[in-house]
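Notes to accompany the following structure.
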Amino acid sequence: MAAELVNVNEFQELARQALPKMYYDYFRGGAEDQHTLKENVEAFHRIIIQPRILVDVRRIDMSTTILGYNTSAPITIAPTGRHKLALPEGEVATARAAAACETIMALSFMSTCTVEEVYKIRDVSALMVHRAEKNGFKAIILTADTPRLGRREADIKNK
């Protein structure tokens with residue numbers, strides 16, 4: 001493994017080496033037949049970066065505003081749960097990394113850290129909304145999934 005990780009595959013291999021198989025399989029896999037996971041990977045393969053030739057690219061500014069929040073690029077961290085399987089600080093570490101990269105992190109209902117723990121470093125019910133508002137969250141992202149895991153084949157095999 002190279003001293004500096006330079007692509008997603010290298011990060012993935014490092015995670016495979018560092019995490020227990022059950023945890024790695026959780027992060028690497030998807031539910032059911034993994035159709036959504038496969039479609040997401042294929043979507044990234046369809047993205048083509050246009051090379052800039054004979055154009056001054058010394059001062060590129062990819063910053064934008066998302067939900068009224070200034071970000072360094074139009075990239076955010078989607079709501080994913082169980083970060084403590086990978087790192088003892090869990091979502092707190094992810095939020096710290098998001099802040100360092102000047103981007104937004106969406107906190108998952110399946111988070112292994114509380115709203116209060118995550119915000120210290122910077123029932124989808126009225127109580128949850130009030131707690132988020134009280135702790136300075138800028139927006140609430142409502143996802144159309146359920147607060148339980150899907151049927152994940154790797155999890156079944158790892159029992």
key: Enumeration of residues in the stretch 123-139 that are surrounded by 11 or more Cβ atoms within 10 Å (Cβ to Cβ) and modelled with pLDDT under 75   = VAL124, MET128, VAL129
request  = Of the conditions (1) more than 22 Å from LYS159 (Cα to Cα); (2) surrounded by 14 or more Cβ atoms within 10 Å (Cβ to Cβ); (3) out of contact with any strand residue (DSSP E or B) (no Cβ under 9 Å at 6 or more places or on another chain), TYR69 clears all except one; give me its number.
outcome  = (2)
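The values are calculated or read from the model by the stated rules, or taken from the named source; none is laboratory data. Values in this document were obtained by computation on a predicted structure and should not be read as measured data. Positions of Cβ are generated from backbone atoms using ideal geometry, with glycine treated the same way; all protein chains shown enter the neighbour counts.
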